[in-house]
Amino acid sequence: MCDQIKNASLEWQDERTPISIKFDEPYFSIFNGLDETRHVFLSGNNLCQRFNSGFHVAELGFGTGLNLLATWQLWIELGHTTPLKFTSFEAFPMTLKDMSHALKNWPELNHLATELIQQLESGWTIKTSTLDARIIVGDARKKLKTWNYQADAWFLDGFSPAKNPELWEINLLNSVSDHTAADGTFSTYTAAGFVRRRLSNAGFNVQRIKGYKRKRHMSIGHKS
Ligand SMILES: C[S@@+](CC[C@H](N)C(=O)[O-])C[C@H]1O[C@@H](n2cnc3c(N)ncnc32)[C@H](O)[C@@H]1O
């Protein structure tokens with residue numbers, strides 16, 4: 001009846017990069033996680049051009065909160081003064097101590113990270129004049145079904161399809177499409193053929209584009 005929440009178990013590479021023991025993968029690029037986020041998710045969804053009042057980003061896999069902070073930073077830099085809406089689904093939340101440690105990799109995000117951690121101490125929401133964020137804790141496959149919103153942009157950021165197939169299941173990707181506004185988009189670092197086919201069958205126009213650094217390709221899509 002009650003959902004049991006298990007925190008993420010981690011090990012650290014060079015004391016800087018969190019690796020999930022369960023999924024046996026790092027949470028972000030060992031080259032530069034922030035650059036990768038900007039390439040894959042911010043540019044991939046063309047957010048500089050598309051942000052407008054009431055814009056809603058949704059994400060599969062909150063992890064360290066890096067994607068949220070990078071998106072929030074861009075929103076502020078572009079001069080928005082209303083709250084960006086951001087919803088993220090996370091089944092195995094990190095402890096705030098681990099999250100805080102991971103985010104120390106980016107001093108330029110320090111002030112936003114401090115605000116994030118402070119607010120998360122009292123629950124899974126963050127409300128400021130420029131951010132209205134909610135982390136929905138539990139298995140995304142179950143939680144998304146009962147989410148009553150549509151996102152303008154989706155960040156599909158599960159671990160790799162090979163290690164974390166749950167976050168790339170057909171039913172979940174169909175549900176992502178159902179929860180995407182008209183003209184909405186998704187982006188993801190993976191270009192796995194079966195993921196692209198599933199997203200295409202779910203109703204997105206899917207494109208394969210240049211990936212980050214050594215990754216040759218990634219995927220973006222537009223809901224027509
Ligand atoms: C690559 S990490 C996400 C990194 C993150 N976006 C960031 O900014 O740090 C993938 C995340 O998906 C989460 N995850 C894996 N399976 C899940 C599921 N079934 N439902 C929700 N979250 C899941 C993992 O716990 C992990 O935090």
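The values are calculated or read from the model by the stated rules, or taken from the named source; none is laboratory data. Since the structure is predicted, the reported quantities are computational estimates derived from the model, not experimental observations. Here the Cβ is made from the backbone with ideal geometry for all residues, glycine too, and neighbour counts use every protein chain on show. We work out accessible area using only protein heavy atoms, side chains counted, and drop any ligands, DNA or RNA first. Shrake-Rupley method; radii C 1.70, N 1.55, O 1.52, S 1.80 Å.
Report the FRET efficiency, 1/(1 + (r/R0)^6), for residue 48 and residue 16, where r is their Cβ-Cβ distance and R0 is 30 Å, rounded to 0.05.
0.60
Skipping prolines and chain starts, which residues have an amide H placed within reach, meaning under 5 Å, of the one on residue 84, given they are 5 or more residues away or on another chain?
131, 132
What does the accessible area per residue of region 35-216 come to in Å², with a 1.4 Å probe and no ligands, DNA or RNA counted?
Using a 1.4 Å probe on heavy atoms only, each residue of region 35-216 averages 45 Å².
Using θ = phi - 60° and the Karplus form 6.51 cos²θ - 1.76 cosθ + 1.60, what ³J(HN,Hα) does each residue of region 150-167 get, whole Hz, x for Gly and Pro?
Per-residue couplings from phi come out as 10, 8, 7, 9, 10, 9, 8, 10, x, 5, 4, x, 5, 8, 9, x, 3, 7 Hz.
Do the sum for the chain: with -39,500 (n - 2.57) for every DSSP H run of n ≥ 4, divided by all residues, what is the mean residue ellipticity at 222 nm, to the nearest 500 deg cm²/dmol?
Mean residue ellipticity, 222 nm, calculated: -7500 deg cm²/dmol.
Roughly speaking, to the nearest percent, how much of region 35-216's 1.4 Å accessible area is carbon and sulfur?
C and S atoms contribute 48 percent here.
Taking the alpha carbon gyration tensor of the chain, what are the square roots of 5 times its eigenvalues, largest first, to the nearest whole Å?
Ellipsoid semi-axes (Å, largest first): 23, 21, 19.
From the phi angles alone, apply the Karplus equation (6.51, -1.76, 1.60; θ = phi - 60°) to region 125-139 and give each ³J(HN,Hα) in whole Hz, x where the residue is Gly or Pro.
Those phi angles translate into 10, 10, 10, 9, 5, 10, 8, 10, 10, 9, 9, 9, 8, x, 5 Hz.
Considering only DSSP beta bridges where both residues belong to the chain, give the percentage that are antiparallel (nearest 5).
Just about 50 percent of them are antiparallel.
Testing the spin-label approximation: label points 7 Å from Cα along Cα→Cβ at residue 137 and residue 178. State their distance in nm.
Computed distance between label sites residue 137 and residue 178 equals 2.6 nm.
When only the heavy atoms of the protein chains count and the probe is 1.4 Å, how do 200, 100, 187 rank by accessible area, highest first?
Sorted by accessible area, descending: 200, 100, 187.
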